[in-house]
Amino acid sequence: MMFIEMAAYVGDVLSFYTDYIFKEGLIYNTTERKNIISLAKYLGYKVKPTKAATADVDLFQLIPAVENSSGDYVPDDRYALLIKENMQVSNNNGSFYILNDPVNFSVDTKLSPREATVVERDDAGIPTYFLLHKSGSISAGQIMTRTFNVSAPTPFFRLNLPEDNVLGVLSIVDSDNNEWHEVDYLAQELVLDSVPNDPSFEGSFSQYRDEIPYILKYIRISRRFTTNVTADNLTYLEFGAGQEGFTDEVVNLSSQAVGVGLSNINKLNIPYDPSNFLKNETYGIAPSNTSLTVTYVIGGGVLSNSPANDVKRILSVEYDNSSEGLSPDELALLNTVKNSLQINNPNPVTGGKDVETNEEIKQNAVAMFSSQNRAVTREDYLVRVYAMPAKY
């Protein structure tokens, strides 16, 4: 009887774990968060530890007036501020936000309008200063920078970020000043890059640079990484498996890769994707004997939502304005103009959300798998265009 009871117990336990493992392999039935995240990743959906609130903002600056050739007084565009992206601002409660795109006060187009209002006149009634107004967008987040030392190359090397509310990685630069690019998966070799739309790059297309300041280009990269999230909402970065000296720039031609060989001569007239020549199995290179400086954004969540007219504090800002050729008086005036920069959110900052629940991850993963990031209909292409950053 003891032997029979023990055999029954072992069989019952084995059946339980067999059923449990099978259940955990189906996204609709799984209950462990780590398995839900793994299955969602398999279906093409990336889990985010938190979601950032967003809003449109107004930016203002003072600018001196100058007389043009027609005798009218207009803003002196030499002092129009060129604000770089990622300007750091905050609200009255200490929540942090960043400017999503650059703001150029010298541009006044239909897609990027500028409002100019006279705010000061001299005794003769001649305008001396204008107030310029431009619009931009912000999203919740605080910029962080950490440096990691890497020794010997390790295939699929991982870097762990200590925060549990990482919104995204802005940049990774190694000690040799090489930039590492984020990709959706390590086998991805081509990434989108922005090129300034000026005559030196784009020739005749530069006539539209006021409305289209950047042009999209594809570049092929070997230094790439992906971002992933654990069940504890911690973010880790995963790099490739190749080594320096044999990188993705090495192209190995193979008739089997192209599909035209003696064994399949009947496919000779079938067109093939030229990118098949570029395929290899290194999945990018792994960092080695260097230090990686990672700049990323943390924050978001429900607390990142904010009422209207609450985001007014500028914490840090960088400009693209050049001081070359300016006299000491002109340089002092430029600094005065920089100090006049103001920001305000006329509408509430909304959309901030805490970590996704298990059920939300399941539903979002199934929706992602159904869409497959495909662009088939006209509406699909419109969605892709509208989802692009505004600078394109």
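The values are calculated or read from the model by the stated rules, or taken from the named source; none is laboratory data. The shown structure was predicted, so the numbers you read here are calculated from the model rather than taken from an experiment. Note that each Cβ is placed from the backbone with ideal geometry, even for glycine, and that neighbours are counted across all protein chains shown. When the accessible area is computed, the model is the full protein with side chains, heavy atoms only, and any ligands, DNA or RNA have been set aside. Shrake-Rupley method; radii C 1.70, N 1.55, O 1.52, S 1.80 Å.
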Checklist entry - Hey, got a sec? Which chymotrypsin sites (Phe, Trp or Tyr not before Pro) in the stretch 1-46 land in a DSSP loop and have at most 13 other Cβ atoms within 10 Å? => result 28
Next on the checklist: Going through the cross-link list 312/338; 23/51; 84/110, which pairs have a Cα-Cα distance over 23 Å in this structure?
Outcome noted: 23/51
Next on the checklist: Can you work out the Karplus-derived ³J(HN,Hα) for every residue in the stretch 98-111? Use 6.51 cos²θ - 1.76 cosθ + 1.60 with θ = phi - 60°, whole Hz, and x for glycine or proline.
Outcome noted: 10, 6, 6, 10, x, 10, 10, 6, 7, 9, 9, 10, 5, 7
Item to check | Cut-off under 5 Å, modelled amide H: who pairs with residue 141 long-range | outcome: 96, 97, 98, 300
Item to check | Per residue, in Å², the accessible surface of the chain once ligands and nucleic acids are set aside, probe 1.4 Å | outcome: 60 Å²
Checklist entry - Quick one: if you stick a label point 7 Å off each Cα along the C-beta vector at residue 293 and residue 18, how many nm between them? => result 5.8 nm
Checklist entry - Rank 146, 33, 158, 224 by accessible area, highest first, at a 1.4 Å probe radius? => result 158, 146, 33, 224
Next on the checklist: For the pair residue 29/residue 188, report the inter-label distance in nm, with labels modelled 7 Å from Cα in the Cβ direction.
Outcome noted: 3.3 nm
Next on the checklist: Under 15 Å between alpha carbons, and skipping anything fewer than 8 positions from residue 217 in its own chain: which aspartates and glutamates qualify?
Outcome noted: 189, 193, 198, 202
Checklist outcome for this item: Computed about the Cα centre, the charge dipole of the chain from +1 Lys/Arg and -1 Asp/Glu charges at the Cβ has a magnitude in debye, to the nearest 20, of 1020 debye
Checklist outcome for this item: In nm, the gap between the two label points placed 7 Å beyond Cα toward Cβ at residue 387 and residue 4 is 6.2 nm
Checklist entry - Roughly how tilted is helix 328-339, in degrees to the nearest 10 and between 0 and 90, from the longest Cα axis of the chain? => result 50 degrees
Item to check | In Å, descending, principal axis extents of the Cα set of the stretch 324-374 | outcome: 62, 28, 17
Checklist entry - Among the aspartates and glutamates, which fall within straight-line cross-link reach of residue 48, defined as a Cα-Cα distance under 13 Å, with same-chain neighbours fewer than 8 residues apart omitted? => result 163, 164, 232, 354, 356, 360
Checklist entry - Once the whole set of protein chains is in place, how much accessible area is left on residue 353, using a 1.4 Å probe, in Å² to the nearest 10? => result 80 Å²
Item to check | Distant-in-sequence amide H partners of residue 214 (H built 1.01 Å from N, under 5 Å) | outcome: 197
Item to check | Computed accessible area, residue 209, all protein chains, 1.4 angstrom probe, square angstrom | outcome: 120 Å²
Checklist outcome for this item: Which residues qualify? For residue 243, with a placed amide H closer than 5 Å and at least 5 residues away or on another chain, they are 286
Item to check | Shape of the chain, Cα gyration tensor, a/c cut at 1.5 | outcome: prolate
Item to check | Taking the chain and dividing mean pair separation by its residue count, relative contact order in percent (alpha carbons under 8 Å, at least six apart) | outcome: 27 percent
Checklist entry - Taking a ≥ b ≥ c as the square roots of the eigenvalues of the Cα gyration tensor of the stretch 55-189, is the shape rounded (a/c under 1.5), prolate (a/b larger than b/c) or oblate? => result prolate
Checklist entry - Suppose R0 equals 35 Å; then what is the FRET efficiency for residue 177 and residue 82 from their Cβ-Cβ distance, rounded to the nearest 0.05? => result 0.90
Next on the checklist: Nearest 10 degrees is fine. How inclined is helix 2-24 to the longest principal axis of the chain, computing both from alpha carbons?
Outcome noted: 30 degrees
Next on the checklist: Apply the a/c threshold of 1.5 to the C-alpha gyration tensor of the stretch 81-137 and tell me whether it is rounded, prolate or oblate.
Outcome noted: oblate
Checklist outcome for this item: The distance between the Cα centres of the stretch 76-117 and the stretch 1-49, in whole Å, is 52 Å
